[in-house]
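Shown next, in structure tokens, is the structure this report addresses.
No value in this document is a laboratory result; all are computed from the given coordinates. Since we're looking at a predicted model, the values are computed, not measured. Because the Cβ atoms are built from the backbone with ideal geometry, glycine has one as well, and the counts that use them run over all protein chains shown.
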Amino acid sequence: MSEIITKLTIEGLRDSFQNVGYRVETLTDPVANTTYLRSATAGLGFEIRPGNQLVGEEQSFIDAMLVTTLQVQGELPLDLVNRWNTTRRFGRLQFSQPFLMFCLDVSVAGGVAPNFVRAQIEVWDRLVQELIAYLREELPKIVARNGAAAAPQPSAPAQPAHEHAAEAGSVPTIQ
């Protein structure tokens, strides 16, 4: 029987993602002075951020957050975010103008089987694909309700562009 996983490390998470086929880069956040990972799936960049550090073990933690941030230009109805959150069990959307964040927490508290981390990566991948499809389906409906002529198509850069401000009353687009 395989060994139970009771803690995570940046190196272990990098290996787990690479074993599933992801390209992963290790970065250091200059503000928080913490190491994290960056990757992408379905053309959407995301980060793997360490969570709660284990006492006495500087390089180990009990959980991690997978997160991607999209920039919204224009108004985004909160019912679109809330509808996603009520119909999806694991990942959650958070909207703080002008950013739409999608997060999934991975915890190994109490110990988990080695294939649990892989399963969580697969859940994340599936949810990101569903999110892209959901936004592509829902954004044109918002445009139609607002009487706009052209439907915006969400695009997904590896990193959000922070310099654009949202315009009140405008048609939402997501980058």
HN-Hα J in Hz across segment 126-140 - Karplus 6.51, -1.76, 1.60, θ = phi - 60°, x for Gly and Pro: 5, 5, 4, 4, 5, 5, 4, 5, 4, 5, 5, 7, 7, 4, x
Length-normalised contact order of segment 1-138 in % [C-alpha pairs under 8 Å, at least 6 apart]: 25
For segment 1-151: span of alpha carbons on each principal axis (Å, largest first): 57, 37, 26
Highest to lowest packing among 40-48, 54-62, scored as the average C-beta count within 10 Å: 40-48, 54-62
Packing rank of 109-117, 132-140, where each peptide gets the mean count of other beta carbons within 10 Å, highest leading: 132-140, 109-117
Distance between modelled label sites at residue 5 and residue 113, nm, 7 Å Cα→Cβ extension: 1.3
